[in-house]
1. For the range 25-183, what is the largest minus smallest coordinate of the Cα atoms on each principal axis, given in angstrom and ordered from greatest to least?
2. Can you tell me the Rg and Dmax of the range 113-153, counting just the alpha carbons, in angstroms?
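Each reported figure results from applying straightforward, stated rules to the coordinates on display, with no laboratory input. If you're wondering where the values come from, they're calculated on a predicted model, not measured in any experiment.
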Amino acid sequence: MKSNKFKLIAVAVVCAVVSVNCDNNDSTTDPVASLDFSGTFVQQDQMARPAINTVFIASGAPKDEFNAAIPSMMGAKYQSIFQSRLLALNSGYTVNALGQTAPQLTGLLATDVLNVDKTKKTTFFDGTNVLTGRALADDVIDVELLLIFGGPMGTSNAGLTSDHVDANDKAFGVSFPYLATAW
């Protein structure tokens, strides 16, 4: 019996050594290993709140400038652009379901950062808490559509207040990183 255990251990060690198969060949065809990370890097996208810069900033030079902007400077520079676009999208805008006027909403949206309030429930908007973070299951696009087109009660323009995608196509995980597995 002792001899069989020794043979099994020896076979396991030989299999492990053969499986690892190290060599001195440093050449690789792995494209990640050959990437050059030297030089100057430029931020390419600003997307703390999904779809906001896509909807409110025109493509090309204005979008490139917005994407590279320092968040603390965004509100002052882009609020009026956001407001013009908001009123072009919804000329009947008065206030939204949060009671925000056009300048208030666009002032909030023009600073494209994801706020986090550690003392409240983490959510984009749940009817009570607003922009206290963002949970994976938050329907961010519906919230944004509701705030832009829903009017004071959130019920105006019902056809424009939802993208009708009400859940992820797969369940989120119960442990980090919580994202659903790719299909």
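1. Cα extents, longest axis first: 68, 40, 33 Å.
2. 10.3, 30
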